[in-house]
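Worksheet: one structure, shown below.
The values are calculated or read from the model by the stated rules, or taken from the named source; none is laboratory data. Remember, predicted model here, so these are calculated numbers, not experimental data. Cβ placement follows ideal geometry from the backbone for every residue including glycine, while neighbour counts extend to all protein chains displayed. What goes into the accessible areas is simple: the full protein's heavy atoms, side chains included, and nothing from ligands, DNA or RNA. Shrake-Rupley method; radii C 1.70, N 1.55, O 1.52, S 1.80 Å.
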Amino acid sequence: MKLYKISLALMLGIGTLTSCSDKLELANPNEPSTGTFGNSVGDLEEAVIACYHHMRMEGTYARVGYTIDAVRAEDMWNPQNAWYLEADHWNVTPTNADMSQWIYRDWYFVVNISNYVITKCEENYETLTDALKKIKGQALFARGLAYYNLACYYQNPPLILNYNDYSNEAGLHPANKEEGDENEFAQFDRVMDQVEKDLAEAMTLLPTRDAGGEWAKGRATSGAAAGIYARALMQRHKYSEALTVLKDILNSTEGGNQKYGTYKLMDNYGDNFQEGSYENNAESLFEIQYLDNGSQGSVDEWTQVNISKDASQGNALEANCGPISKGGWGDLAAAPWLYNLFKKERTVDMPSSLDPRLYWTIGSYEQEWEGYANGNVCYGEPMTEDDPVMMRPDEGGLPIAKHTNLRTNLYTSVVQNLRCGINIRIMRYSDVLLRAAECENEVNGPTAQAIEWINVVRRRAHLKDLALADFNNADKLFEQIANVERPKEFGCEYGRGFDLLRWGFFYDSGRLQQLKEHSVYILSKDPARLKENVQYGGTGVLSSFDFYNPGHEFLPIYQIALNDNPNLVGNSANYSKDNSYYFSKNGWTVHPVVDLSK
């Protein structure tokens, strides 16, 4: 009876309290709205995670956003799979929406959520706390990386910087041309200016990887921002400024001021291309995080609207690069030029006389691999000289080991669809070293310091040191960096297509001819022809760059976007316009081809 009276009193009391209000307002915490979400540090932490989430999707790095740039370089080719053929031939059409739409779409997802976080930080907080500095810094990094990709892929993407602009028609349909613009590069420069601004600010807000500790694993740090910032500066030949940034990263590692944290080359090159404990290692400035195979959901995230709790959280690069005989799609193959480049130089102090980077880059059979790492294996099964693995049974092609488990012995077949758990390393310390050497050469010509930075990378591969005396001018050292050191260190990776842009190889007849010679291949069922050192112009020989059209060093603005947005105009690829004037206007020169054998 006593308990009943107490309960009745509580009910009456609540009734008295609530009767004073006309309506009881309840907010469902499971359905946040623009009015209730984003006003706390916790909310913005969740929004930042969404920035990273969108970086690992189909059009950013999980498949086409990574592989389109990779296949456009001369160290990879498309074995007659029509889906990638336009990209391989540098002549994607505006109506090929699958090819160009997804990259555009998915990087703008990153832009949009980054704008939300940045706008909220600027509007709601007069003074940034340490927590908010990390939040804003990560969002600035994400936006800078997004616009770097958009500018280098599309030349004149529209620039959107404030989330509040999405509330009106003009904000939803931004222009990519301003009154007085003479050409598409006016917008390119505006976007790249913003990339530099975002990354420069991110560098000041984010902690180093050392100071960040466990928090920094997988997240953007000041070192990551500095590395991508240097890339952006180099894209417009700001070599002196880039060199200053790169030196600061190197000084942190070499015992100088700890501005960006400590990095080093892993002893084993292959540690950069495996899942599990190898990820987020001491060589990585920034990488895209994927769950290891077997720990993911079962529903592939082919579109951004997949919100299944069982969504997969891997990438499809292994399926792209995996041979058909092992369950892959056989989309991409390593170029014979890259294979033979590796074979030109032998090691000086390891059991195998071959550059160990060849083992982890190309899945070829080599007698020298017996006893090295996992030996001559392809997904756990031994290869023989008489029975090597081809990408496609009818077209051939050297299989790619990088981005795959071909050499790891973890699985007996290709990890299909969006299930590969190997993190994608977007920037490694070896890139800092080789970029610093390139900038030093551009600013000061061949120097002992430039040679030493190159040799640090070569020593990891057990190759003989280069000597300064062998490089009497900047053109020759550039040739060594661009067409020997970088292809062997970063072969079959994303980024070389962007390098060809900044080097201006499309605007010099000698360089364009060199690209044609590097990118030759043969369609053949004969395994004996896989490694053939193909000569340009021979019978049955094809070359990806024979199909290049002026202006198509960029992807076109796809037609659907032009139809939907009346303020959007095409770029040089839409109209096949020659872009060589941009180099001339800026006073940049294209290094002439140099014969390194002389």
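Taking the stretch 128-142, which residues are of a type outside the set (V, I, T) and in contact (Cβ under 8 Å) with a residue 60 or more places away in the chain?
Here is the first cut: in the stretch 128-142, the residues of a type outside the set (V, I, T) are 128, 130-134, 136-142.
Of everything in the stretch 128-142, those that are of a type outside the set (V, I, T) and in contact (Cβ under 8 Å) with a residue 60 or more places away in the chain turn out to be L128, A131, L132, K133, K134, K136, G137, Q138, A139, L140, F141, A142.
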Sort through S544, S524, S509, S519 and tell me the only one that's in contact with a His (Cβ under 8 Å, 6 or more places away or on another chain) and of a type in the set (S, T, N, Q).
S544
Can you pull out the residues in the stretch 317-349 that are in contact with a Pro (Cβ under 7 Å, 6 or more places away or on another chain), more than 21 Å from K516 (Cβ to Cβ) and among the hydrophobic types (A, V, I, L, M, F, W, C)?
I324
Here is a list: S114, S40. Which entry is of a type in the set (G, A, S) and open to solvent by 40 Å² or more (accessible area, probe 1.4 Å)?
S40
Cβ-Cβ distance below 7 Å, separation of 6 or more or different chains: which pairs start in the stretch 386-408 with a residue that is closer than 23 Å to E489 by Cβ and open to solvent by less than 20 Å² (accessible area, probe 1.4 Å) and end on one that is assigned to a strand (DSSP E or B) and β-branched (V, I, T)?
L398/I362; I400/I362; A401/I362; R407/V377
If you check L243, L199, which single one turns out to be under 19 Å from I426 (Cα atoms) and assigned to a helix (DSSP H, G or I)?
L199
Please state which one of L562, L568, L515, L555 is farther than 30 Å from E169 by Cα and in contact (Cβ under 8 Å) with a residue 60 or more places away in the chain.
L515
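Looking only at helices (runs of 4 or more DSSP H) that fall completely inside the stretch 81-191, which ones have 2 or more residues that are modelled with pLDDT of 95 or more and among the polar types (S, T, N, Q)?
On the way: elements: 82-88, 97-124, 130-154, 169-172.
Once the helices (runs of 4 or more DSSP H) in the stretch 81-191 are filtered for at least 2 residues that are modelled with pLDDT of 95 or more and among the polar types (S, T, N, Q), what remains is 97-124, 130-154.
With closer than 16 Å to N567 by Cα, surrounded by 15 or more Cβ atoms within 10 Å (Cβ to Cβ) and of a type outside the set (A, V, I, L, M, F, W, C) as the only criterion, which of N176, N168 stands out? Quick ask: steps written out before the conclusion?
Working: N168 fails: surrounded by 15 or more Cβ atoms within 10 Å (Cβ to Cβ).
Answer to the selection: N176.
Could you list all residues from the stretch 302-331 that are without any contact (Cβ under 8 Å) to a residue 12 or more places away in the chain and either more than 23 Å from I68 (Cβ to Cβ) or touching a Gly at 6+ places or on another chain (Cβ under 8 Å) (or both)? It would help to see each step written out before you state the result.
In the first step, residues of the stretch 302-331 are kept if they are without any contact (Cβ under 8 Å) to a residue 12 or more places away in the chain; the result is 305-308.
Of everything in the stretch 302-331, those that are without any contact (Cβ under 8 Å) to a residue 12 or more places away in the chain and either more than 23 Å from I68 (Cβ to Cβ) or touching a Gly at 6+ places or on another chain (Cβ under 8 Å) (or both) turn out to be I307, S308.
Tell me the residue from A211, A216, A224 that is open to solvent by 50 Å² or more (accessible area, probe 1.4 Å) and hydrophobic (A, V, I, L, M, F, W, C), please. Full working, then the answer.
Numbers: A216 fails: open to solvent by 50 Å² or more (accessible area, probe 1.4 Å); A224 fails: open to solvent by 50 Å² or more (accessible area, probe 1.4 Å).
Just one listed residue meets the conditions, A211.
Kindly indicate whether any position in the stretch 217-234 is assigned to a loop (DSSP other than H, G, I, E, B), modelled with pLDDT under 95 and not polar (S, T, N, Q).
yes
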Anything in the stretch 44-95 that is without any contact (Cβ under 8 Å) to a residue 60 or more places away in the chain and open to solvent by 10 Å² or more (accessible area, probe 1.4 Å)? List them, or say none.
E46, I49, H53, A82, L85, E86
Given the conditions (1) more than 24 Å from Y379 (Cα to Cα); (2) surrounded by 18 or more Cβ atoms within 10 Å (Cβ to Cβ); (3) aliphatic (A, V, I, L, M), every one holds for A311 apart from (2)
Tell me which of these T303 doesn't satisfy, since it passes every other one: (1) at pLDDT below 95; (2) open to solvent by less than 20 Å² (accessible area, probe 1.4 Å); (3) closer than 23 Å to D98 by Cα.
(2)
Selection status of S413, assigned to a loop (DSSP other than H, G, I, E, B) and small (G, A, S)
yes
Residue under evaluation S325, criteria (1) open to solvent by 60 Å² or more (accessible area, probe 1.4 Å); (2) assigned to a loop (DSSP other than H, G, I, E, B), criterion not met
(2)
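Please state which one of G495, G510, G540 is without any contact (Cβ under 8 Å) to a residue 24 or more places away in the chain, open to solvent by 10 Å² or more (accessible area, probe 1.4 Å) and not hydroxyl-bearing (S, T, Y). Break it down into steps so the answer makes sense when it comes.
Values: G495 fails: without any contact (Cβ under 8 Å) to a residue 24 or more places away in the chain; G510 fails: without any contact (Cβ under 8 Å) to a residue 24 or more places away in the chain.
Of the residues listed, the single one that is without any contact (Cβ under 8 Å) to a residue 24 or more places away in the chain, open to solvent by 10 Å² or more (accessible area, probe 1.4 Å) and not hydroxyl-bearing (S, T, Y) is G540.
The rows are residues; the columns are (1) among the hydroxyl-bearing types (S, T, Y); (2) within 23 Å of the chain's Cα centre (by Cα); (3) more than 22 Å from Y411 (Cα to Cα).
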{"position": "N268", "(1), (2), (3)": "no, yes, no"}
{"position": "Q274", "(1), (2), (3)": "no, yes, no"}
{"position": "S284", "(1), (2), (3)": "yes, yes, yes"}
{"position": "S298", "(1), (2), (3)": "yes, no, no"}
{"position": "S308", "(1), (2), (3)": "yes, no, yes"}
{"position": "A319", "(1), (2), (3)": "no, yes, no"}
{"position": "A335", "(1), (2), (3)": "no, yes, yes"}
{"position": "P351", "(1), (2), (3)": "no, no, yes"}
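Out of curiosity, is K5 outside any helix (DSSP H, G or I), out of contact with any His (no Cβ under 7 Å at 6 or more places or on another chain), at pLDDT below 90 and open to solvent by 30 Å² or more (accessible area, probe 1.4 Å)?
Values: outside any helix (DSSP H, G or I): no; out of contact with any His (no Cβ under 7 Å at 6 or more places or on another chain): yes; at pLDDT below 90: yes; open to solvent by 30 Å² or more (accessible area, probe 1.4 Å): yes.
In short, no.
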Hits in the stretch 430-464 - residues which are open to solvent by 10 Å² or more (accessible area, probe 1.4 Å) and either over 21 Å from A242 (Cα atoms) or in contact with a strand residue (DSSP E or B) (Cβ under 8 Å, 6 or more places away or on another chain) (or both):
R459, R460, H462, K464
Considering only residues that are of a type in the set (K, R) and more than 22 Å from L463 (Cα to Cα), which ones fall in the stretch 356-400?
R392
Which members of the stretch 347-376 meet the condition of being surrounded by fewer than 19 Cβ atoms within 10 Å (Cβ to Cβ) and touching a residue at least 40 places away in the same chain (Cβ under 8 Å)?
T347, V348, D349, M350, A373
For the stretch 312-321, check the following and say yes or no: at least one residue is assigned to a helix (DSSP H, G or I), among the charged types (D, E, K, R) and under 17 Å from P388 (Cβ atoms).
no
How many residues does the stretch 307-334 contain that are closer than 17 Å to I422 by Cα and not hydrophobic (A, V, I, L, M, F, W, C)?
8
Name the pairs whose Cβ atoms lie under 7 Å apart, with the first residue in the stretch 279-301 and at positive phi, the second among the hydroxyl-bearing types (S, T, Y) and open to solvent by 40 Å² or more (accessible area, probe 1.4 Å), and 6 or more positions between them or separate chains?
none
Which numbered condition trips up A573, out of (1) hydrophobic (A, V, I, L, M, F, W, C); (2) open to solvent by less than 20 Å² (accessible area, probe 1.4 Å); (3) farther than 29 Å from Q480 by Cα; (4) outside any helix (DSSP H, G or I)?
(4)
Tell me, which residue of the stretch 465-491 that is among the acidic types (D, E) and either closer than 18 Å to K344 by Cβ or in contact with a strand residue (DSSP E or B) (Cβ under 7 Å, 6 or more places away or on another chain) (or both) is most open to solvent (accessible area, probe 1.4 Å)?
D470
